[in-house]
Amino acid sequence: MVVVKETKIKCPNCGNEETVEMPDYVCVRIYKCPQCDEVFKPKEGDCCVYCSYAEDDCPAKQLNKDRGDQLKL
Ligand SMILES: [Zn+2]
């Protein structure tokens, strides 16, 4: 299966988009916008800032999703 590792994260404050590489098994819970210096955290229910603000879910969540489909959880 293909896990998306590079994604675009968008600052909810100023709308600046940055292409970032997501770490494999680490949930990144703080992201600092390089443009406006706003520090933001995941929305409630999301494991990391990528799930909340990036175009793709983080690798860990992508893998969990696939496993869930296979096991029909
Ligand atoms: Zn910003």
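Please give the residues of segment 1-24, grouped as numeric ranges, whose backbone N is less than 18 Å from a label point set 7 Å along the Cα-to-Cβ vector of GLU55. The answer is 2-12, 15-23, whose backbone nitrogens lie closer than 18 Å to the label point. Each principal axis of the Cα cloud of segment 6-71 was evaluated for its coordinate range; sorted largest first, these ranges are 43, 23, 17 Å.
Here's the list of lysines a cross-link from LYS8 could span, going by alpha-carbon distance under 21 Å and ignoring same-chain residues fewer than 8 apart: LYS32, LYS41, LYS43, LYS61, LYS65.
Here, each number is a calculation from the coordinates, and none is a lab measurement. Quantities reported herein were computed from a predicted structural model and do not represent experimental measurements. Neighbour counts are summed over all protein chains in view; Cβ atoms, including those assigned to glycine, are modelled from backbone coordinates with ideal geometry.
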